[in-house]
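The numbers here are math on the coordinates, done by the rules we state, and not lab data. From a predicted model like this one, the values you see are computed outputs, not experimental measurements. Don't worry about glycine lacking a Cβ; one is built from the backbone with ideal geometry, like all the others, and counts go over all protein chains shown.
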């Protein structure tokens with residue numbers, strides 16, 4: 001009886017030690033081994049790694065690197081077939097993840113029907129600090145988008161994030177793209193007058209800043225405004241530096257907000273009325 005208890009204890013210890021032993025080989029090996037085992041247990045042999053996304057549903061360099069390393073590890077697992085990235089990019093073209101980096105079930109099913117994938121690997125990256133990422137990995141069934149396996153782990157960033165600006169997911173520069181510094185000066189400056197807008201005008205202008213920021217954010221989210229096709233930054237026509245900073249602050253606030261909705265006809269009319277004042281402020 002005593003020997004049986006010892007043997008049972010050893011077996012339990014071996015089972016508990018399995019996961020740490022896998023993790024000790026590296027987080028990517030650990031993620032790949034866990035996902036591969038789960039896929040095989042569900043008779044899912046043909047996988048598509050659609051990649052990782054930020055919490056806002058976008059991608060960045062960290063997403064690309066984690067995706068590439070996990071794909072490489074999965075490809076080394078016997079008994080699995082990993083779909084070529086080129087085929088996958090075509091199926092994913094024009095599609096992004098939603099809030100919290102979650103890909104919708106319709107996209108998952110499309111990948112299954114067009115590429116013959118039996119399951120997809122995807123996930124979300126969360127920045128813990130400059131050197132660490134928390135990685136949420138999910139194995140999804142392409143038949144119904146059901147989660148077959150979920151895993152959370154931490155990876156160390158041994159690369160530098162190459163951002164074009166401090167805007168994170170935005171792909172345009174916040175820097176003012178004006179022809180010269182004189183563009184920052186209000187009309188009439190140096191011609192004997194100082195622009196002093198009324199309190200009523202100031203309230204109207206700030207309301208229009210918020211409306212224009214919301215409209216721009218909505219157009220970006222809906223796809224009506226293609227960031228890659230911009231020839232100048234949104235808000236570049238605003239001359240007043242403080243007002244321009246307010247516009248960018250509101251734009252990011254609305255872009256990240258779950259309350260973002262399209263402008264009403266009344267709000268569109270108000271923005272059209274106050275637009276010229278917004279561009280000339282503080283002068284009229």
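Here are the numbers:
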quantity: Histogram of C-alpha separations across segment 25-156, 10 Å bin width, %; calculated: 13, 50, 33, 4
quantity: Taking 30, 53, 218 and counting other C-beta atoms within 10 Å, the order from fewest to most; calculated: 218, 30, 53
quantity: Likely footprinting exposure, 277, 220, fewest C-beta neighbours within 10 Å first; calculated: 277, 220
quantity: For 260, 133, order by how many other beta-carbon atoms lie within 10 Å, fewest first; calculated: 260, 133
